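The structure appears below as structure tokens.
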Amino acid sequence: MKSAIKIVIAVVLSTFALQVAAQSSAQQYPSRPVRVIVPFAAAGPTDFVARIVAQKLSEAWGQQFIVDNRSGAGGNIGMGIAAAAAGNNTTARAIQGARKIKPAPAAATESPANW
């Protein structure tokens, strides 16, 4: 179990590092606190890993990483908030490894059973 958690933490850390490297600029990153959106309820496995990673990133970079749980709709609410966030590189999102893509219904009258 501990080795699985170490692997998950390593994957999440490398994902954050790749996001930062892709958005490199002349300024030192981050210049402001970073909000980490977790699209699932607090005290779950995704929240647990996000809080560990946020703490380690805060210690390493000297800037706050704030975990913001936005659960609901199978993670779609949190993902929507992350997608609509300002593009100033101060918002990150934490996701699980097995993420299912959910199609939007074609019409409001369509039954969710047919999705």
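The values are calculated or read from the model by the stated rules, or taken from the named source; none is laboratory data. All values reported here derive from a predicted model rather than from experimental measurement. Using ideal geometry, Cβ is built from the backbone for each residue, glycine included, and neighbour counts are taken over all protein chains shown.
Go through the stretch 48-61 and give me each residue that's surrounded by 19 or more Cβ atoms within 10 Å (Cβ to Cβ) and either in contact with a strand residue (DSSP E or B) (Cβ under 7 Å, 6 or more places away or on another chain) or among the polar types (S, T, N, Q) (or both). If the condition is that a residue be surrounded by 19 or more Cβ atoms within 10 Å (Cβ to Cβ) and either in contact with a strand residue (DSSP E or B) (Cβ under 7 Å, 6 or more places away or on another chain) or among the polar types (S, T, N, Q) (or both), then ALA50, ALA54, LEU57 are the ones that fit.
Please determine whether any residue of the stretch 78-97 is of a type outside the set (A, V, I, L, M, F, W, C) and at pLDDT 85 or above. Yes, because at least one residue in the stretch 78-97 is of a type outside the set (A, V, I, L, M, F, W, C) and at pLDDT 85 or above. A single entry from ALA73, ALA42, ALA92 fulfils the requirement of being surrounded by 14 or more Cβ atoms within 10 Å (Cβ to Cβ) and of a type in the set (A, V, I, L, M): ALA92. State whether one or more residues within the stretch 55-65 are among the basic types (Lys, Arg) and at pLDDT 70 or above. Within the stretch 55-65, one or more residues are among the basic types (Lys, Arg) and at pLDDT 70 or above. Here the condition is being under 26 Å from ASN76 (Cα atoms), at pLDDT below 90 and either buried (at least 18 other Cβ atoms within 10 Å of the Cβ) or more than 15 Å from the chain's Cα centre (by Cα) (or both); of ALA22, ALA26, it holds for ALA22 alone. The requirement of being loosely packed, with under 15 Cβ neighbours inside 10 Å, under 21 Å from ILE7 (Cα atoms) and either free of Cβ contacts under 8 Å to residues at least 12 places away in the same chain or in contact with a helix residue (DSSP H, G or I) (Cβ under 8 Å, 6 or more places away or on another chain) (or both) is not satisfied by ALA83. Evaluating ILE81 against the criteria (1) within 11 Å of the chain's Cα centre (by Cα); (2) among the hydrophobic types (A, V, I, L, M, F, W, C); (3) in a helix (DSSP H, G or I); (4) under 19 Å from ILE9 (Cα atoms) leaves one unmet condition, (4).
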